[in-house]
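All remarks here apply to the structure that follows.
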Amino acid sequence: FEAAFSNHSGGRVALDNISLSAEFCNAETEPTFDPSIANCDFESGFCGYQQAQAGGSVWKRLSIKPNLYRTGDHTTGAGFFLLANTRFSLRSGYVSRLFGPRVPGRLKYCLRFYYTLAGFRRPDSALAVYAYHKDSHTQEKLWTGGGTTRDVWTEVDITFQRPQAVTVVFVSVCKNFWDCGSVALDDIRMTLGDCYLSLGSFLSISGQCDFETGDCGYTQEKAVDTVDWVLARGPTPTSYTGPRGDHTTGMGESLPSCNSPQ
């Protein structure tokens, strides 16, 4: 933020309520693409998701009654979810691929979903998420599951941005029968913006400031500037040169630029 004056008599510029947001400021700058086409809770079908035509295994849409040994779906506890399970497969290994809708490039996306693992000896390859580039037939890994095997719903947040259009692919890999278990997937959501920013509160994000408790980490250039920003309260010293109070409450702090260094 820079304040400049054309003569030595100077003037005053007041600054308050700096805000950053994961949302777009207005309709003119907001993309027309709606990322909710990638949302699915699997309650009434596969939504816009499709199975790979080859690979020897599929994601199955199931609904089970919760009990001491099994967890119901994430949405309601008694609804539907997807399950990749090779316990009943005749093959020694498998790859289950689930392709989502294609999303445009250059935009930043937040992908959220829930998954559970059960019975895997090696959970590092139980579930992974890729960005598939249809034109070049290449894929980039965005996330891979890991840790101990557990039969509880776990949330995953992935922020990604690619220059070209991509398709999000959920992949479960099992090399042999003894390593295989079940992978459940539910409540996929996609929004525009960074996952971290969309979860943060107003003053928890770097760069946000209402100047009520200080300068929030903003610093001044002392070497070459001839004037300073100073923390002030109330109206400017001379009439008709600024607001009567700050923007936040009318009685709080703001940063006016004055024509004498402090």
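Students often check this: by mean Cβ neighbours within 10 Å, which of 210-220, 8-18 ranks highest, and how do the rest follow?
8-18, 210-220
Distance check, please: which entries in K60/K141; K65/K134; K108/K175 exceed 32 angstrom between their Cα atoms?
Checking Cα-Cα distances, K65/K134; K108/K175 exceed 32 Å.
If I ignore ligands, DNA and RNA and count only protein heavy atoms, how much of V152 is accessible to a 1.4 Å probe, in Å² to the nearest 10?
70 Å²
At 1.4 Å probe size, with no ligands or nucleic acids counted, give the accessible surface of T138 in Å², nearest ten.
70 Å²
The values are calculated or read from the model by the stated rules, or taken from the named source; none is laboratory data. Note that this is a predicted model, so its numbers are computed, not measured. Every residue, glycine as well, gets a Cβ built from its backbone with ideal geometry; the counts of neighbours run over all protein chains shown. Ligands, DNA and RNA are stripped out before the accessible areas are found, and what is left, the full protein with its side chains, is counted by its heavy atoms. Shrake-Rupley method; radii C 1.70, N 1.55, O 1.52, S 1.80 Å.
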